[in-house]
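> Starting off with a structure, shown below.
The values are calculated or read from the model by the stated rules, or taken from the named source; none is laboratory data. Note that this is a predicted model, so its numbers are computed, not measured. Using ideal geometry, Cβ is built from the backbone for each residue, glycine included, and neighbour counts are taken over all protein chains shown. Surface areas here come from the heavy atoms of the whole protein model, side chains and all, with no ligands, DNA or RNA. Shrake-Rupley method; radii C 1.70, N 1.55, O 1.52, S 1.80 Å.
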Amino acid sequence: MLSTVKTAGTTRRTPGWFVLWMGLLTALIVLCCLVLFWQLSAEGTFPIQVILWVAIGVLGAVALLFGLLGLFRYHSFFYSLIALVVIGVFVTLVWHVPETTGWKVSRNILQNQAADCVNPGHRTRLGVYTITYITRRDGGCLFYTEGGESNSSRGFAYFPDAAPPYIGTPSSGIGYSTFHGNWYRFTEES
């Protein structure tokens, strides 16, 4: 459990408690990152995303403090930096991957459901998205997802034959934005 580091003719041992503690911190950070990645991919609720971001921030701050201790006291670069590297890689991926991954996993399932465009009568999971309601509107099929703000709803809209009646956000009602092929994102103000 102890690792050794040679420095200027002396050998320093990294204490087992430090290795264990940094391993536990890294595992907790990875777990929070994976759950947050899922929440972002599945368009989860905003409060859960905020809680996960705060947890990652707190764990990252603790990892930074102990990492500095490990660097200066034990000269243990690997154990000191691994948690911070995990956070850095995760933050980089978050800006590019979750929405794309969620969409790639779910697109065919949503496409099949859009053919009938029938509301199942309850919340259902289609791919990674939790769908709260399905309805026909403006010549397309609208899939309402959970996680919208309190005064608005959002989701995916499929228009197989033509674009929606308007693109953009109207002053009231529903607004569409282009997304992928015949698929559009929508926001509906209550």
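> Could you state how much accessible area Val35 has, in square angstrom rounded to the nearest 10, with a 1.4 Å probe and all protein chains kept in place?
60
> A follow-up question, please. What Cys residues in the chain are without a partner cysteine, judged by a Cβ distance under 4.7 Å?
Cys32, Cys33 - these cysteines have no disulfide-compatible partner (Cβ-Cβ under 4.7 Å) in the chain.
> Is any helix in the chain, taking whole DSSP H runs, at least 24 angstrom long along its axis by alpha carbon and on average at least 1.6 on the Kyte-Doolittle scale, and which ones?
Span-like helices here: 16-41, 46-69, 77-94.
> Rank His180, His96 by accessible area, highest first, at a 1.4 Å probe radius? Write out the running numbers ahead of the final one.
Numbers: His180 80, His96 135 Å².
The ranking, largest first, comes out as His96, His180.
> Additional query: Would you calculate a helix-derived [θ] at 222 nm for the chain, using -39,500 (n - 2.57) for each DSSP H run of n ≥ 4 and dividing by the full residue count, to the nearest 500?
-16000 deg cm²/dmol, from helical runs alone.
> Here are a few candidate values for Kirkwood radius over Cα pairs in Å: [x] 19.5; [y] 18.5; [z] 17.4. Which one was actually calculated from the structure I just gave you?
The value computed from this structure is option [x].
> Now for a different question. With a 10 Å cut-off between alpha carbons and a GNM built on the chain, which of Leu81, Leu40, Leu142 moves the most?
Fluctuation is largest for Leu81.
> Count neighbours as other Cβ atoms within 10 Å of each site's Cβ, and list the trypsin sites (Lys or Arg not before Pro) in region 76-128 that are DSSP loop with at most 13 such neighbours.
On the way: sites: Lys104, Arg107, Arg123, Arg125; in loops: Arg123.
The qualifying sites are Arg123.
> With a 1.4 Å probe and all protein chains kept in place, how much accessible area does Thr45 have, in Å² rounded to the nearest 10?
Counting only protein heavy atoms, the figure is 40 Å².
> Now a separate question. Once ligands and nucleic acids are excluded and a 1.4 Å probe is used, how much of Val54 is accessible, expressed in Å² to the nearest 10?
Here the residue's solvent-accessible area equals roughly 90 Å².
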